[in-house]
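K.L.:
Below is a structure I'd like to ask you about.
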Amino acid sequence: MTISLIGLPGSGKTTVGRQLSRRLQVPFFDSDAVIEQQLGCSISEFFEREGEERFRDIEARVIDELTQVPEGVLSTGGGAVLRPENRAHLHARTQVIYLNSSPDDLFRRLRHDKNRPLLQVADPLGRLRELYLQRDPFYRETAHFQVATGRPSVSSLVNMILMQLELGGRAAPS
């Protein structure tokens with residue numbers, strides 16, 4: 001079984017995903033890292049050069065490939081849910097966990113982060129609020145389970161995810 005993590009930029013998908021994969025002793029995949037490896041440059045550079053649409057095409061191909069891996073934990077980019085085919089592949093092929101973070105919590109975490117292209121704007125908090133309004137319905141549609149990130153530690157979030165999966169009859173406890 002593959003578990004996918006979705007949520008806004010900075011919600012903890014990569015950090016939680018790494019720890020979850022260690023706990024379950026399965027491979028970890030970060031779709032953004034795979035994309036950067038294939039592009040040979042950062043997503044921000046590619047975004048600037050080629051635009052968001054071209055990036056989303058590549059992201060869709062990578063999500064299609066990674067959702068076919070038989071076992072692992074997949075951390076997706078925050079905008080992966082924007083494309084209907086990504087939502088369909090994630091939901092049908094993996095157990096999807098939505099790491100739900102409020103825009104205010106995310107802003108506190110990300111206010112000094114210069115590596116997120118969508119947040120390099122005059123009003124990053126306003127941008128996070130817009131992204132939340134735009135993407136939250138897609139995250140909810142795609143997810144099998146939802147975990148509010150708030151302020152728990154990474155290990156607490158991992159435990160909450162494992163409990164959700166176990167209660168849902170989707171995974172054996174480790």
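Throughout, read-outs are computed from the coordinates displayed, never taken from laboratory work. Because the structure is a prediction, the values reported are computed rather than measured. Cβ placement follows ideal geometry from the backbone for every residue including glycine, while neighbour counts extend to all protein chains displayed.
K.L.:
Let me check I have the definition right: for the chain, take the eigenvalues of the Cα gyration tensor, multiply each by 5, take square roots. What are those semi-axes in whole Å, largest first?
P.N.:
Three semi-axes, in Å: 24, 19, 14.
K.L.:
Let me ask something else about it. Once each part is reduced to its C-alpha centroid, what is the distance from the range 10-43 to the range 110-165 in angstrom?
P.N.:
15
K.L.:
Using just the alpha carbons, could you tell me how many Å³ per residue the convex hull of the range 99-160 encloses?
P.N.:
Here the figure is 94 Å³ per residue.
K.L.:
Enumerate by residue number the GluC sites (Glu not before Pro) in the range 33-105 meeting two conditions: DSSP loop (anything except H, G, I, E, B), and at most 14 other Cβ atoms within 10 Å of the site's Cβ.
P.N.:
71
K.L.:
Let me ask you something else. Could you work out Rg/(2.2 N^0.38 Å) for the range 51-98, with Rg from alpha carbons only?
P.N.:
1.07
K.L.:
Let me ask another. Any idea what angle helix 154-167 forms with the longest principal axis of the chain, computed on alpha-carbon atoms, 0 to 90 degrees, nearest 10?
P.N.:
50
K.L.:
Whole-Hz ³J(HN,Hα) for each residue in the range 130-135, computed from phi via Karplus 6.51 cos²θ - 1.76 cosθ + 1.60 with θ = phi - 60°, x for glycine and proline: what do you get?
P.N.:
Karplus values, whole Hz, x for Gly and Pro: 4, 4, 4, 4, 6, 9.
K.L.:
With a sphere of radius 15 Å drawn around the Cβ of residue 137, what net charge do the other residues whose Cβ falls strictly inside it have (Lys, Arg +1; Asp, Glu -1)?
P.N.:
+2
K.L.:
So what are the radius of gyration and Dmax for the Cα set of the range 39-123, in Å?
P.N.:
Calculated on Cα positions, Rg and Dmax stand at 14.3, 42 Å.
K.L.:
Now for a separate question. Give me, ordered by chain and number, the residues 5 or more places off residue 2 or on other chains with an amide H under 5 Å from its own placed amide H.
P.N.:
Hits under the 5 Å cutoff: 72, 95.
K.L.:
Here's something else I'd like to know. On a 0 to 90 degree scale, rounded to 10, what angle separates helix 52-66 from the longest Cα axis of the chain?
P.N.:
Approximately 20 degrees, to the nearest ten.
K.L.:
Full-extension gain between residue 113 and residue 65, please, as 0.36 nm times their residue separation minus the C-alpha to C-alpha distance.
P.N.:
Gain on stretching residue 113 to residue 65: 14.4 nm.
K.L.:
Going from the alpha-carbon gyration tensor of the range 1-63, what semi-axes, largest first and in whole Å, does one get by taking the root of 5 times each eigenvalue?
P.N.:
Over the Cα atoms of the range 1-63, the semi-axes work out to 24, 12, 11 Å.
K.L.:
Tell me the relative contact order for the chain as a rounded percent, counting alpha carbon contacts under 8 Å between residues six or more apart.
P.N.:
The normalised contact order for the chain reaches 32 percent.
K.L.:
In Å and on Cα atoms, what radius of gyration and Dmax does the range 85-135 show?
P.N.:
13.4, 38
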